[in-house]
1. Tell me, what is the 1.4 Å probe accessible area of T84, in Å² to the nearest 10?
2. Between T90 and residues 5 or more places away or on another chain, which pairs have amide H atoms under 5 Å apart, with H built 1.01 Å from N, and which residues are they?
3. Out of the trypsin sites (Lys or Arg not before Pro) in the range 1-77, which ones are loop residues according to DSSP with at most 13 other C-beta atoms within 10 Å?
4. What does the charge dipole of the chain about its Cα centre add up to, to the nearest 20 debye, if the Cβ of each Lys and Arg holds +1 and the Cβ of each Asp and Glu holds -1?
5. Compute the distance in nm between two label points, each set 7 Å from the Cα along the Cα-to-Cβ direction, one at A100 and one at S25.
6. Sort E6, E46, E88 from largest to smallest accessible area, using a 1.4 Å probe on the heavy atoms of the protein chains.
7. Between K43 and N76, take the C-beta separation as r, use R0 = 30 Å, and let me know the FRET efficiency to the nearest 0.05.
8. Over the C-alpha atoms of the chain, what are the Rg and the largest Cα-to-Cα span, Dmax, in Å?
Amino acid sequence: QVQLVESGGGLVQAGGSLRLSCVASGSTFSTYAFGWYRQAPGKQRELVAGISSGGRTNYADSVKGRFTISRDGAKNTAYLQMNTLTPEDTAVYYCNAGYAQGSAWGQGTQVTVSS
């Protein structure tokens, strides 16, 4: 079973940047598809960005042009670079990996953007 460990969350002022990391276990990292999701208090979890095993990316309209998802096979890590953050980006961010046998979630990392 794949295990995911996230890091990189924190408190940042509006307009600032953060980079989230998601380290995945397993020897078949190149076959995983990754998604970054977020859940704000009182709201449903939503997909923020995704990247396929082949590197194709997709983004929620609310983050296009500000967030970038990427992956590094040498480090078994997926990233979410977040720029020009706003208070509306405040949420717990979760990494998800999809693979042949199923999917896995990370524990979540809090991102708080102050105005």
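1. Accessible surface of T84 is approximately 80 Å².
2. So T90 has HN proximity to V113.
3. When the trypsin sites (Lys or Arg not before Pro) of the range 1-77 are filtered for loop state and at most 13 Cβ neighbours within 10 Å, K43, R56, K64, K75 remain.
4. 120
5. In this crude label model, A100 to S25 measures out at 1.9 nm.
6. Solvent-accessible surface, decreasing: E88, E46, E6.
7. It comes to 0.50.
8. 13.4, 42
The values are calculated or read from the model by the stated rules, or taken from the named source; none is laboratory data. Values in this document were obtained by computation on a predicted structure and should not be read as measured data. Ideal geometry is used to build each Cβ from the backbone, glycine not excepted, and the neighbour counts take in all protein chains shown. In case anyone asks, the SASA skips ligands and DNA or RNA and just uses the protein heavy atoms, side chains included. Shrake-Rupley method; radii C 1.70, N 1.55, O 1.52, S 1.80 Å.
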